[in-house]
1. If each residue's Cβ is checked for other Cβ atoms within 10 Å, how do A:Thr61, A:Thr68 rank with the fewest at the top?
2. Say each of A:Ala75 and B:Asp180 gets a label point 7 Å from the Cα, pointing the same way as Cα to Cβ; how far apart are those two points in nm?
3. Between B:Ala116 and A:Ala4, what is the label-to-label distance in nm when each label sits 7 Å out along the Cα-to-Cβ direction?
4. Specify which residue in the list B:Leu70, B:Leu41, B:Leu133 is farthest towards the positive end of the charge dipole of the protein assembly as shown, using unit charges on the beta carbon of Lys, Arg (+1) and Asp, Glu (-1), about the Cα centre.
5. Quote the charge dipole size of chain A about the Cα centre in Debye, to the nearest 20; the model charges only the Cβ of Lys and Arg (+1) and of Asp and Glu (-1).
6. From other protein chains only, count the Cβ atoms within 10 Å of every residue's Cβ in B:275-286, then give the mean.
7. To the nearest 0.05, what FRET efficiency results for A:Ala45 and B:Thr127 with a Förster distance of 35 Å applied to their C-beta separation?
8. Can you find, among B:Thr197, B:Ala147, B:Met182, the residue sitting farthest towards the positive end of the charge dipole of the stretch B:139-205, where Lys and Arg contribute +1 and Asp and Glu -1 at Cβ?
Amino acid sequence: MSKAVHEIKAWVVDYLARELKLQRNQIDERKAFDRYGMDSVAVVAMTGDLSEWLGFDVPATLAYDHPTIESIAGAVADLTPESA
Amino acid sequence: MTEATLLEPGTAQAALANPGASAEAIQSHYDVSNDFYSLWLDDQTLAYSSALWDFTKPDDTLEAAQLRKLDYHIEQSQAARKKRVLDIGCGWGGTVRRLRNVHGVEHVTGLTLSEAQREFILEHSPTNVDVRLQSWSDHQPTAPYDAIISVGAFEHFARPGASHADKLAGYRAFFEKCYDWMQPGACLSLQTMSYGTTQAEDFSKYFETEIFPESDLPHLYEIALTSRPGFEITRVRDDREHYARTYEMWWRRLRANRKQAELIVPKAVIERFERYMQLMMIAFHTGRMGLLRLTLRRLDNPGAPLSV
């Protein structure tokens, strides 16, 4: 099932807070993933967990075309299980 | 994964004797299981290297793109209807079969270091195909070749940790061998991954331990440097986006066949491949790695004095 943009944003914020051991209010939705020190292995892990939550596969490259929480949430919301 | 090393890297002697990955290292990657690879490679070619996509066709398929890639190399090497063609790193034999069945080549020699690949080709190939479990460095042809194709093998011709001089010496030895084996004016069509915006240090640890033990990648300038003076490079393409799409297709096919894959190999192996495919998608998509397709023509009398 597709998720709404705000649900996806909340999921990514929670994920980063947990992985980076930060408070949710320390996560900036407009800051690029690499600015949080995420490398490609970390991005693959994140999109893997995101895919599991969504129930369809999100390619890791999406996080490079849409490198912030705000932009990836919009891109993921536009995906359907068929187009993902 | 096996870490067997036949020769210690780092000496000129070792580099010249066998500069690339050992047979054990190649087998550790490619001998996982033919059945496992066939779950996500295309049925037609079983090519485990970048396809050549037609990005103007939204419904282009992996099969069509792989066949297009084979035909591209056959065209670039001018192999069609020739007598003798060599395929260095022949994989599961897609090019070998295409040369014999479609392009009218009389005799094809294929070299591979993988026993599983050799057995597969012998089972599935037409006549007049000679598949050898042999490194290029040991190959001794009985007659010159009219064309050489090498796709997805050059990646294994250097070892991480070897000195730059040894790496270049190994590449130079490869091009010198090809030169000696070819008819005057014949063409070599070469496809290899390359370092793009990254350096060896960024990749080698991951590559060496996780995916391709004992293998290092070239930079474009290293190929340009070491193919001289025997060859002129007549065409260069960096088709990295083609490889990003190829890896994405493989990843999607493996994901779709996950349950079957689990019957063939351990879950940990599947997860390693899925992670590897995604990392490669990123590397090619972002330009950290390149996918070079080069056409090289044998130059004769390269050292002849200029008449002025």
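Just so you know, all these numbers are worked out from the coordinates, no wet-lab data involved. Everything quoted here is computed from the prediction, not taken from an experiment. A quick note on method: Cβ atoms are made from the backbone with ideal geometry, for glycine too, and the neighbour counts reach across all protein chains shown.
1. Final ranking by Cβ density, sparse to dense: A:Thr68, A:Thr61.
2. Label-label distance for A:Ala75 and B:Asp180, simple model: 5.0 nm.
3. 4.8
4. Checking the options against the dipole of the protein assembly as shown, the answer is B:Leu70.
5. Values: 8 positive and 14 negative charges, 73 e Å.
Using only the charged Cβ atoms, the result is roughly 360 debye.
6. Numbers: counts 6, 1, 3, 11, 6, 1, 6, 11, 2, 1, 6, 4.
The mean count of partner-chain Cβ atoms within 10 Å per residue comes to 5.
7. 0.10
8. B:Thr197
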